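Undergrad: Sharing a structure below in structure tokens format, with a few things to ask.
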Amino acid sequence: MKRIYQLILLLLCGFPAVAQITRPPAAQQATPSLKVSGTDLDYFNPREYIIGGTTLSGTKYLDKDVIITLSKLIKGERVTLPGDATSNAIKTLWANGLFDDIEINITKIEDDSVFFDIQVVERPRLSSFELKGISKSQNTDILERLNAKSGKSIINENLYNSTSATIKKYLSDKGYFFTDVKFETKDDPNAENSQILQVDIDRGRKVKVRKINFTGNKEFSDAKLRKFLKKTHQQAFYKIFGSGKFNKEKYEEDKLALVEKMQDKGFRDAVIIRDSVYQYSDKAVAIDIEVFEGNKYYFGNINWAGNAKYSTEYLEKVLGIEKGDVFSELKLEKKLRGDGNSDDVSSIYLNDGYLTFNVDPVQTKIYSDTVDLEMRIYEGPQYTNNKITVKGNTITNDRVVLREIRTKPGEKFSKEQLIRTVREIGQLGNFDESKTVPTPKPNPADGTVDIEYTVEEKPSDQIELSGGFGGGRVIGTLGLTFNNFSLRNIFNGSAYRPLPKGDGQKLSLRGQTNGSYYQSYSFSFSEPWLGGKKPVSFGLSAFTSSQKYRMSLNENQSIRMNGVTVSLGRRLNWPDNYFQLSHSINAQQYILENYSGFLFATGTSYNFNLTQELSRDSRDSPIFPTGGSYFRFSIQATPPYSLLNNTNYATASDKERYKFTEYHKWKFESQWFQRITGKLVLKAQAQFGFLGSYNSAVGQSPFERFKLGGDGMQGFDFLQGSELIAMRGYSNNSVIPVGANQNTARQSGSPIFNKYVLELRYPVIASQSATAFLVTFAEGGNTWDNFSDFNPFNIRRSVGVGAKIFLPIFGLLGIDYGYGFDKIPGIPDANKGQFHFSIAQQLGGFN
């Protein structure tokens, strides 16, 4: 009887273990085993053998030598039979999840040699996924994440786990927190030993955060701590649009931000002890967070060590932290090396050539509620700029980029100039601003630094192709703008892509027509560096526009305007190097025939004027500024013809009075951009325009007036010689002076206007291919016929919301909905709700 128990025990020990794996119900699971053929083993007298050879059968797709190596039943190795070698081999192979069945056979034993054959049944490979229970777009997104496994993966427990994790993470980011995933398989008729994995997904409901509970907090209220969680919000009745879905990743970010905010308020020991997210209902979760606040700390004595360039008194002034201020490592770090305005301690050194400067704030003493610090400074040597290079510009010529670079060879290294250079390269419009990376490479041996600017080209050419309907007619528009044109390669056939590029010049062509009734064509060319050596800009533009209507068999109503402009501009270094001064000479011709709405209906008028413009642009981005400002002041004037001749204009005919248009025109615009919080940006804008006359007998010019209201785009109802000023919430050209004739005022415009804008902007897309932002705005503006009536506070008001997207090929596209509060007498549909669409509109300027 005793030997029987021993036999049973040995059999149990020698029998291989069976691994378990969760698999679809349809799959059948075999039992791995050890079989002995043609020989007997004495289980009471285990014997040592030398493996004479091992074969593998049943495989089609796996490497046999690798499988035998994994089993460790390798020729020449010694094994004890019966023993653990065979059971361990089965365990090892089974753990890899590659097989549905494993058998190890002893095919023969010769003397002290044993021969094995490992028989396996390979598990099927994954050919594809079939997802059920989700939307079409979700199906597409998930398959993009999963399809890398198709054709490569074995269908096993690891595949189920990774697939389930991928699906649950994706849906969790979408707000589905309680997702259930089940699997089934079916054979793929188009692939041998392959199966399709069917995934049944129960998303459950999107979940929101019903409650956020805090414990352990004494100094901070629950409401205050909830505000620190910027991306995880508790539901509340006053949140009209809900508080947003729960997102695990954003919650983890919020926990770090919560601790950082508490520490920034002086509680340097603050931590989250524990937290839990649990199901509150079938569509909501609750969060419990236990915090430890600790004591509130204050700055104590601050000492400086290692500073030779600047005195301790000066560094203390730059630091701006006094003894007794609430202790904040975030504030300390910001004042030492991260203020962003170049007035932190590091910046004053880095802007003076100390490239390797470093400051280490050491907490030397902590007592009661006070922290003493010592600022240990390493100034290092001053570095001088040496070699300046640029790479990544595959289209734009090196010289176009290098001439915008402010870090000049031979000058002291300056962080401020490095940042300014990145801005200037971005202002070219040919590169992705977010991917312009400057890399300083110090040479300690000679105290110089090489700087390499890495850039990435982006599409900069733009096309405007649109159709519209107005006045009972269809109007077509085609506009082409080439922002990186190269005039010098105009005769170089190999440089056409589709036009020669690379010199940073701008060529623009635009045409608009609906046939013979209305046509408008324009051309412009600009060179930002005339001669290539100094930042002197040159511009040339020309246009012709006509509108013609046959009133009768022998009578037409028409207007034609032709014009050409030549301009020169240059950058200034005073008051600072953000200023620019430009001069332009303009010549225009107006030919009217029975055309009502102006001060004369038939005749020819000429407009020769000189324009002087002073501008300053410190915006940090040309598309979506988050800081900086922009202003422009211009004076445009014609010669005072009426004061230089002996004509009696009081009795002169219209033909004589308006043959040479005379006026002086003053315009001012300013914009400010300020980041409010996070990505939210405030834009404030003010505009003013005044058209004056030299001689009361001549009166004000019939041209060059201002038209306020609408989208500001020059479309079919263009007014030749007038400036169109956008004002959302009112229909096009509808903001006219009180008491003015609405037909005349809308046709010819007004000599005085002003406008104010407050706009909140929030970016939703920021990439090389597109930039998009949402806006909410409040506007006010008005027009006047006489300066004596002008009142800058008497304005028509509007509010609204909108969205704008910048696509490199089309420029700025926008849609806004504005509501005008003030009625316009004589124009009943001028205000109330108005939709405004815009295409290829200017990013700044008078619009």
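The values are calculated or read from the model by the stated rules, or taken from the named source; none is laboratory data. Bear in mind the structure is a predicted one, so any value in this text is a computation, not a measurement. Positions of Cβ are generated from backbone atoms using ideal geometry, with glycine treated the same way; all protein chains shown enter the neighbour counts.
Undergrad: Pairs only if they're at least six apart or on different chains, beta carbon under 9 angstrom, first in the stretch 211-229 and without any contact (Cβ under 8 Å) to a residue 60 or more places away in the chain, second in a loop (DSSP other than H, G, I, E, B); list them, first residue then second.
TA: LYS224/ASN217; ARG226/THR232; ARG226/HIS233; PHE228/PHE220
Undergrad: Could you check PHE660 against (1) touching a residue at least 12 places away in the same chain (Cβ under 8 Å); (2) loosely packed, with under 15 Cβ neighbours inside 10 Å; (3) assigned by TED's automatic domain parsing to the domain that holds ARG746 and say which number it fails?
TA: Tallying (1) touching a residue at least 12 places away in the same chain (Cβ under 8 Å); (2) loosely packed, with under 15 Cβ neighbours inside 10 Å; (3) assigned by TED's automatic domain parsing to the domain that holds ARG746, PHE660 fails exactly one: (2).
Undergrad: Next question, about the same structure. Run down ASP84, ASP117, ASP101, ASP111 and say which single residue is assigned by TED's automatic domain parsing to the domain that holds GLU48 and at positive phi.
TA: Working: ASP84 fails: at positive phi; ASP117 fails: at positive phi; ASP101 fails: at positive phi.
Step by step, each of ASP84, ASP117, ASP101, ASP111 is checked, and only ASP111 is assigned by TED's automatic domain parsing to the domain that holds GLU48 and at positive phi.
Undergrad: Take the conditions more than 29 Å from ILE809 (Cα to Cα) and not aromatic (Phe, Trp, Tyr) and apply them to LYS506. Does it pass?
TA: Numbers: more than 29 Å from ILE809 (Cα to Cα): no; not aromatic (Phe, Trp, Tyr): yes.
Answer is no for this residue.
Undergrad: Which residues, counting only those in the stretch 359-389, are buried (at least 17 other Cβ atoms within 10 Å of the Cβ) and touching an Asp or Glu at 6+ places or on another chain (Cβ under 6 Å)?
TA: ASN385, ASN386
Undergrad: Another question about this same structure. Quick one: is LEU171 at pLDDT below 90 and either surrounded by fewer than 14 Cβ atoms within 10 Å (Cβ to Cβ) or part of a helix (DSSP H, G or I) (or both)?
TA: So LEU171 fits the description; yes.
To keep it simple, each residue is scored yes or no on (1) closer than 23 Å to GLU433 by Cβ; (2) at pLDDT 90 or above.
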| site | (1), (2) |
| --- | --- |
| GLY739 | no, no |
| ASN754 | no, yes |
| ALA772 | yes, yes |
| THR776 | no, yes |
| PRO792 | no, yes |
| GLY802 | no, yes |
| TYR817 | no, yes |
| GLY820 | no, yes |
| LYS832 | no, no |
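Undergrad: Here's something else I'd like to know. State all residues of the stretch 542-595 that are within 30 Å of GLY531 (Cβ to Cβ) and not in a strand (DSSP E or B); if no residue qualifies, say none.
TA: Of everything in the stretch 542-595, those that are within 30 Å of GLY531 (Cβ to Cβ) and not in a strand (DSSP E or B) turn out to be LEU572, ASN573, TRP574, PRO575, ASP576, ASN577, TYR578.
Undergrad: Within the group ILE142, ILE134, which residue is at pLDDT 85 or above, outside the structural domain of ASP63 (by TED's automatic domain parsing), in a loop (DSSP other than H, G, I, E, B) and surrounded by 15 or more Cβ atoms within 10 Å (Cβ to Cβ)? If you could, list the steps in order and put the result at the bottom.
TA: On the way: ILE142 fails: in a loop (DSSP other than H, G, I, E, B).
Testing whether each residue is at pLDDT 85 or above, outside the structural domain of ASP63 (by TED's automatic domain parsing), in a loop (DSSP other than H, G, I, E, B) and surrounded by 15 or more Cβ atoms within 10 Å (Cβ to Cβ) leaves just ILE134.
Undergrad: Give me the residue from the stretch 504-524 that is of a type in the set (Ser, Thr, Tyr) and assigned to a loop (DSSP other than H, G, I, E, B) and, out of that set, surrounded by the fewest Cβ atoms within 10 Å (Cβ to Cβ).
TA: To start, the set of residues in the stretch 504-524 that are of a type in the set (Ser, Thr, Tyr) comprises 508, 513, 516-518, 520-522, 524.
Remaining after also requiring assigned to a loop (DSSP other than H, G, I, E, B): 516-517.
On the way: SER516: 10, TYR517: 16.
In this case the residue turns out to be SER516.
Undergrad: A further question follows. Sort through ASP461, ASP450 and tell me the only one that's in contact (Cβ under 8 Å) with a residue 40 or more places away in the chain, farther than 26 Å from ILE623 by Cα and acidic (Asp, Glu).
TA: Working: ASP461 fails: farther than 26 Å from ILE623 by Cα.
From the options ASP461, ASP450, the qualifying one is ASP450.
Undergrad: Write out, first by first residue and then by second, each pair whose Cβ atoms fall under 6 Å of each other, whose residues are 6+ apart or on separate chains, and whose first residue, in the stretch 422-440, is in the same structural domain as PRO409 (by TED's automatic domain parsing) and surrounded by 16 or more Cβ atoms within 10 Å (Cβ to Cβ) while the second is of a type outside the set (Asp, Glu) and in a helix (DSSP H, G or I).
TA: PHE431/ILE425; GLU433/GLY426; THR436/VAL422; THR436/ILE425; PRO438/LEU418
Undergrad: When you look at PHE183, is it within 36 Å of the chain's Cα centre (by Cα), among the hydrophobic types (A, V, I, L, M, F, W, C) and at negative phi, yes or no? Walk me through it before giving the result.
TA: Details: within 36 Å of the chain's Cα centre (by Cα): no; among the hydrophobic types (A, V, I, L, M, F, W, C): yes; at negative phi: yes.
For PHE183, the condition - within 36 Å of the chain's Cα centre (by Cα), among the hydrophobic types (A, V, I, L, M, F, W, C) and at negative phi - is not met.
Undergrad: Among residues belonging to the stretch 297-321 that are part of a loop (DSSP other than H, G, I, E, B) and over 41 Å from the mean Cα position of the chain (by Cα), point out the one that is surrounded by the fewest Cβ atoms within 10 Å (Cβ to Cβ).
TA: The initial filter retains those residues of the stretch 297-321 that are part of a loop (DSSP other than H, G, I, E, B), namely 297, 306-311, 320-321.
Then keep just the ones that are over 41 Å from the mean Cα position of the chain (by Cα); that gives 306, 308, 311.
Working: GLY306: 13, ALA308: 7, SER311: 11.
Restricting to residues being part of a loop (DSSP other than H, G, I, E, B) and over 41 Å from the mean Cα position of the chain (by Cα), the top hit is ALA308.
Undergrad: Right, next: Find the residue count for the stretch 76-100, including only residues that are part of a loop (DSSP other than H, G, I, E, B) and surrounded by 18 or more Cβ atoms within 10 Å (Cβ to Cβ). Write out each step before concluding.
TA: Taking the stretch 76-100 as the starting set, the residues that turn out to be part of a loop (DSSP other than H, G, I, E, B) are 76-77, 82-83, 96-98.
After this cut, where a residue has to be surrounded by 18 or more Cβ atoms within 10 Å (Cβ to Cβ) as well, the list is 82, 98.
Total meeting the criteria: 2.
Undergrad: Still on this structure, please answer the following. Checking PRO361 against (1) part of a loop (DSSP other than H, G, I, E, B); (2) touching a helix residue (DSSP H, G or I) at 6+ places or on another chain (Cβ under 8 Å); (3) not aliphatic (A, V, I, L, M): exactly one of these is not met. Which one?
TA: Failed condition: (1).
Undergrad: Against the conditions (1) out of contact with any strand residue (DSSP E or B) (no Cβ under 7 Å at 6 or more places or on another chain); (2) crowded, with 16+ Cβ neighbours inside 10 Å; (3) over 26 Å from SER701 (Cα atoms), where does TRP574 fall short? Just the number, please.
TA: Among (1) out of contact with any strand residue (DSSP E or B) (no Cβ under 7 Å at 6 or more places or on another chain); (2) crowded, with 16+ Cβ neighbours inside 10 Å; (3) over 26 Å from SER701 (Cα atoms), the lone unmet condition for TRP574 is (2).
Undergrad: Could you go through the stretch 258-270 and let me know if any residue there is assigned to a helix (DSSP H, G or I), surrounded by 15 or more Cβ atoms within 10 Å (Cβ to Cβ) and among the basic types (Lys, Arg).
TA: Within the stretch 258-270, one or more residues are assigned to a helix (DSSP H, G or I), surrounded by 15 or more Cβ atoms within 10 Å (Cβ to Cβ) and among the basic types (Lys, Arg).
Undergrad: Here's something else I'd like to know. If you check LEU581, LEU610, which single one turns out to be over 33 Å from the mean Cα position of the chain (by Cα), at pLDDT 90 or above and more than 16 Å from GLN547 (Cβ to Cβ)? Step through it out loud before you land on a result.
TA: Numbers: LEU581 fails: over 33 Å from the mean Cα position of the chain (by Cα).
So the residue among LEU581, LEU610 that is over 33 Å from the mean Cα position of the chain (by Cα), at pLDDT 90 or above and more than 16 Å from GLN547 (Cβ to Cβ) is LEU610.
Undergrad: Right, something else. Out of all the residues in the stretch 779-798, which are surrounded by 16 or more Cβ atoms within 10 Å (Cβ to Cβ) and not in a strand (DSSP E or B)?
TA: In the first step, residues of the stretch 779-798 are kept if they are surrounded by 16 or more Cβ atoms within 10 Å (Cβ to Cβ); the result is 779-785, 790, 795-798.
Matches in the stretch 779-798: ASP785, PHE790, ILE795.
Undergrad: As an exercise: evaluate ASN161 against (1) assigned to a strand (DSSP E or B); (2) without any contact (Cβ under 8 Å) to a residue 60 or more places away in the chain and give the number of the one condition it does not meet.
TA: Going through (1) assigned to a strand (DSSP E or B); (2) without any contact (Cβ under 8 Å) to a residue 60 or more places away in the chain one by one, ASN161 breaks only (1).
Undergrad: Could you check how many residues of the stretch 51-75 are of a type in the set (Val, Ile, Thr), buried (at least 18 other Cβ atoms within 10 Å of the Cβ) and either closer than 26 Å to GLU192 by Cβ or at pLDDT below 85 (or both)? Lay out the reasoning, then the answer.
TA: Start the filter on the stretch 51-75 by keeping residues that are of a type in the set (Val, Ile, Thr), which leaves 51, 54-55, 59, 66-69, 74.
Narrowing the set further to residues that are buried (at least 18 other Cβ atoms within 10 Å of the Cβ) leaves 51, 54, 67-68.
If we keep only those that are either closer than 26 Å to GLU192 by Cβ or at pLDDT below 85 (or both) too, we end up with 67-68.
Adding up the residues that qualify gives 2.
Undergrad: A follow-up question, please. Filter the stretch 322-358 down to residues that are outside any helix (DSSP H, G or I) and either touching a residue at least 24 places away in the same chain (Cβ under 8 Å) or crowded, with 17+ Cβ neighbours inside 10 Å (or both), then give me how many there are. Show your work before the answer.
TA: We begin by selecting, within the stretch 322-358, every residue outside any helix (DSSP H, G or I); these are 322-328, 338-344, 351-358.
Narrowing the set further to residues that are either touching a residue at least 24 places away in the same chain (Cβ under 8 Å) or crowded, with 17+ Cβ neighbours inside 10 Å (or both) leaves 323-328, 342-344, 351-357.
The number of residues fulfilling the criteria is 16.
Undergrad: Within the stretch 805-832, track down each residue that is within 14 Å of PHE777 (Cα to Cα) and assigned to a strand (DSSP E or B).
TA: Step one: filter the stretch 805-832 for residues within 14 Å of PHE777 (Cα to Cα), giving 814-821.
Scanning the stretch 805-832 gives GLY814, ILE815, ASP816, TYR817, GLY818, TYR819, GLY820.
Undergrad: Here's something else I'd like to know. Please verify whether ARG619 is touching a Pro at 6+ places or on another chain (Cβ under 9 Å), at pLDDT 90 or above and not in a strand (DSSP E or B), treating the condition exactly as stated. Steps first, please.
TA: On the way: touching a Pro at 6+ places or on another chain (Cβ under 9 Å): yes; at pLDDT 90 or above: yes; not in a strand (DSSP E or B): yes.
For ARG619, the condition - touching a Pro at 6+ places or on another chain (Cβ under 9 Å), at pLDDT 90 or above and not in a strand (DSSP E or B) - is met.
Undergrad: Against the definition (part of a strand (DSSP E or B) and either closer than 16 Å to LEU355 by Cβ or modelled with pLDDT of 95 or more (or both)), how does PRO440 come out, yes or no?
TA: So PRO440 fits the description; yes.
Undergrad: Looking at the stretch 525-535, which of its residues are farther than 16 Å from ILE585 by Cβ and either surrounded by 17 or more Cβ atoms within 10 Å (Cβ to Cβ) or of a type in the set (Val, Ile, Thr) (or both)?
TA: Correct list: GLU527, PRO528, TRP529.
Undergrad: Any idea which residue in the stretch 611-657 is surrounded by the most Cβ atoms within 10 Å (Cβ to Cβ), counting only those that are closer than 20 Å to SER693 by Cβ, in contact (Cβ under 8 Å) with a residue 12 or more places away in the chain and β-branched (Val, Ile, Thr)?
TA: Within the stretch 611-657, the match that is surrounded by the most Cβ atoms within 10 Å (Cβ to Cβ) is THR638.
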